[in-house]
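A short worksheet on the structure shown next.
The values are calculated or read from the model by the stated rules, or taken from the named source; none is laboratory data. Everything numeric in this text was worked out from a predicted model, so none of it was measured. Here the Cβ positions follow ideal geometry from the backbone for every residue, glycine too, while neighbour counts run over all protein chains shown. What goes into the accessible areas is simple: the full protein's heavy atoms, side chains included, and nothing from ligands, DNA or RNA. Shrake-Rupley method; radii C 1.70, N 1.55, O 1.52, S 1.80 Å.
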Amino acid sequence: MDLADSVRQYWDADAATYDRSPDHGVATPTERAAWSAALVRLLPPPPSRVLDVGAGTGFLSLTAARLGYQLTAVDLSPGMLGYLRAAAEREELPIEIIEGGAEQPPPGPFDAVIERHLLWTLPDPAAALSAWRQAAPRGRLVLFEGLWGMADPIEHLRQQAREGWRRLRGEPDHHHGKYDAELVAELPLASGVHPDRLIRMVEQSGWGPAWFERLRDVEWAQLLSLPATARLLGVAPRLAISAGALTRA
């Protein structure tokens, strides 16, 4: 079994429980509105053509499509895409859905490329960033990422405390299981990545100067959805790294 097959099998198995994690979706109208505001601020205006790479069950695709964007959603996992397709049909959202790897996007041209928590799953994230630039040669890139794993020691301690509280409350895990050690060894960002490294990768992939911001409104909205005692531990930092033009191509 090659690397792509291993990754596909993992996410196919994860699809059934993926949306149960509060970190993978939104729990309240306030969270939904905060994410909508972030997309409108960071993307060219609707009805721009947007490519969502590593779309998964469709959190970003569905949110952007509701705002009037023309969405193309790409993911390696047919299991994940099945949930996206079902949600799009329920809401009658015209999202083009393509099964495929993030490193080989459809040709476009697109006005923007977006992703959320995808880069750590790729064996060559720099090559993927370059390929996305080819799909949106005059467009915008927006990476929605976090600060997790070993990227920052202080945040790692906070993450461990939040995970301990989650287990104490008997809440479900974020995923059905963990990647095999052999698979993790093939992924350069699997243990977490500092924003400095991501920004360098973006700028070296043909996107030009990058912008960075912390999505504090999204964090605050998520915090409001938690029980009072859990709020003391905070939530994982939400980050946006963007580059390229804000106008439609």
Q | For region 71-174: relative contact order, % (alpha-carbon pairs under 8 angstrom, 6 or more apart) | A | 23
Q: Leaving out ligands and nucleic acids, note down the accessible area per residue over region 1-43 with a 1.4 angstrom probe, in whole Å².
A: 50
Q.
Can you tell me how region 181-249 classifies by the Cα gyration tensor, rounded, prolate or oblate, using a/c under 1.5 as the rounded cut?
A. oblate
Q.
Under the rule a/c < 1.5 gives rounded, and otherwise a/b versus b/c splits prolate from oblate, where does region 57-121 land using the Cα gyration tensor?
A. oblate
Q) What does the helix-only formula give at 222 nm for the chain: each DSSP H stretch with n ≥ 4 adding -39500 (n - 2.57), the total divided by the residues, and the result rounded to the nearest 500 deg cm²/dmol? A) -12500 deg cm²/dmol
Q.
For region 141-210, what does the relative contact order come out to in percent, with C-alpha contacts under 8 Å and a separation of six or more?
A. 42
Q | Of all accessible heavy-atom area on region 80-188, the percent that carbon and sulfur account for (1.4 Å) | A | 54
Q. Please state the relative contact order of region 1-96 as a whole percent: Cα pairs under 8 Å, 6+ residues apart?
A. 29
Q. Want the number for residue 156 to residue 16: 0.36 nm per residue separation, take away the alpha-carbon distance, what's left?
A. 47.6 nm
Q. Where in region 217-249 does the label zone of residue 37 land, with the point 7 angstrom along Cα→C-beta and an amide N cut-off under 20 Å?
A. 217-226, 234-242
Q) Roughly what % antiparallel, to the nearest 5, for the DSSP beta bridges in the chain? A) 40
